[in-house]
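The values are calculated or read from the model by the stated rules, or taken from the named source; none is laboratory data. Keep in mind that this is a model prediction, so the values were computed, not measured. With ideal geometry, Cβ positions are generated from the backbone for all residues, glycine too; neighbour counts draw on all protein chains shown. For the accessible areas, the whole protein counts, side chains as well, though only heavy atoms, and no ligand, DNA or RNA atoms are used. Shrake-Rupley method; radii C 1.70, N 1.55, O 1.52, S 1.80 Å.
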Amino acid sequence: MKWSWKLGRVSGIKIQVHWTFLILIGWVVLLHMSRGAGAGEVASGVALVLAVFSCVVLHELGHALTAQRFGIHTRDITLLPIGGVARLERMPDKPGQELLVAVAGPAVNVVIAAILFGFLAATNGLKPMQEVAVVGGSLVVQLAWLNVILVAFNILPAFPMDGGRMLRALLAMRLDYVRSTQIAASIGQAMAILFGFVGLFANPILLLIAIFVYLGAQAEAQQVQLRVALEGVPVSEAMLTRFRALGQTETLDHAVEELLAGSQQDFPVLDGGRVAGMLLRKDLVKALKERGRETTVGEIMRSGVVLLDEDEPLERALTQMRQGSFSALPVVRDRMLVGLLTLENVGELIMVNTALRGAGSRSDVADALATD
């Protein structure tokens, strides 16, 4: 995620915080100051926020490490003002595995709450929730009850939150995956509307959560439709076979001519008939500004790009394109260039297939392909 700062790695998973998290810290400081809190109470409030989000990181690691047991890597965990987001490469194929991954996060908060309540009971510091002060008071008591709230909130059946994923997994044990996702997404969007309505009168943060849940449910449903539409389809069915390639020694002047002559934006670069790299439009424009038209393609091409085999699954190829932030990649047969796979052409293929089946829409496919 852009504009995020890396905090470290745990089990190979990058932990980062988005700059908007500073807004939350600032809001907490202002809240305490508006209630006449001293410097010590302000510091305690900030410490509580940091402690809560440490629990959120552990929550997300619960998801990530459980998914790792099923061979699914997590790209990163990002802290946002409304919580944490773990970007798994994919969800498990089996409903039982997805259920375990979804349960793992709230289970971590249950364990944390149990430890904190045990400590408070042993030290006679336990207080009921209604007596916990928003500003001031015991940080341990606040943290214990906030973990309870995190569990209660996360198990709400608002897809794509944890409770919604649990619901989808349970439905998928009886129904097909697409139908299960549609039901869970519809319930999630209905709850998002409810969150938004309550947020108008109670807490503006609920409005942000409502937007996140509504758009997230929509995106998840589109991703599942895309996944089903691509199942069993090889790269060769979606690749362009009429395209232009450039040589390493050709100039950017020639590359501009090719760019303007057709609709192709990214070009495979060849060296002796074999793929040496890719020239992306954004790199071409930048180099024209900084180096001039006589610069050779080989000087600015991106080498070491993934070469897609024409027989490999299209779904896996799209995952590789997203990971490398490529809108196009070369397709080879015995390392010789035979095609070019573009996101646009994948959308065209699915548009045709869904039209033949009489279901789906081009806009859904385009949105799903644009989702990372």
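Those helices (runs of 4 or more DSSP H) of region 112-206 in which 1 or more residues are at pLDDT 90 or above, closer than 30 Å to Gln223 by Cβ and among the charged types (D, E, K, R) occupy 162-172.
Cβ-Cβ contacts under 9 Å between residues 6 or more apart (or on different chains), taken from a first residue in region 214-229 that is at negative phi to a second residue that is open to solvent by less than 70 Å² (accessible area, probe 1.4 Å) and aromatic (Phe, Trp, Tyr), are listed as Tyr214/Phe195; Gly216/Phe159; Ala217/Phe159; Glu220/Phe159; Ala221/Phe159; Val224/Tyr177; Arg227/Tyr177; Val228/Tyr177. Taking region 11-26 as the range and being touching a residue at least 60 places away in the same chain (Cβ under 8 Å) and among the aliphatic types (A, V, I, L, M) as the test, the residues that pass are Ile13, Ile15, Val17.
If you go through region 207-236 and keep only what is open to solvent by 60 Å² or more (accessible area, probe 1.4 Å) and either among the acidic types (Asp, Glu) or not in a helix (DSSP H, G or I) (or both), you end up with Glu231, Gly232. Among the residues of region 237-260, the one identified as in contact with a Ser or Thr (Cβ under 6 Å, 6 or more places away or on another chain) and either open to solvent by less than 30 Å² (accessible area, probe 1.4 Å) or assigned to a helix (DSSP H, G or I) (or both) is Leu252. Looking at (1) farther than 28 Å from Glu98 by Cβ; (2) open to solvent by less than 70 Å² (accessible area, probe 1.4 Å), which is the one condition that is false for Phe70? Among (1) farther than 28 Å from Glu98 by Cβ; (2) open to solvent by less than 70 Å² (accessible area, probe 1.4 Å), the lone unmet condition for Phe70 is (1). Looking only at residues that are hydroxyl-bearing (Ser, Thr, Tyr) and either at pLDDT 80 or above or closer than 19 Å to Leu88 by Cβ (or both) in region 1-29, which one is most open to solvent (accessible area, probe 1.4 Å)? Restricting to residues being hydroxyl-bearing (Ser, Thr, Tyr) and either at pLDDT 80 or above or closer than 19 Å to Leu88 by Cβ (or both), the top hit is Ser11.
Condition check ((1) open to solvent by 30 Å² or more (accessible area, probe 1.4 Å); (2) modelled with pLDDT of 90 or more; (3) basic (Lys, Arg)) across all residues:
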| residue | (1), (2), (3) |
| --- | --- |
| His32 | no, no, no |
| Gly36 | yes, no, no |
| Ala39 | yes, no, no |
| Cys55 | no, yes, no |
| Ala64 | no, yes, no |
| Ile82 | yes, no, no |
| Glu89 | yes, no, no |
| Pro95 | yes, yes, no |
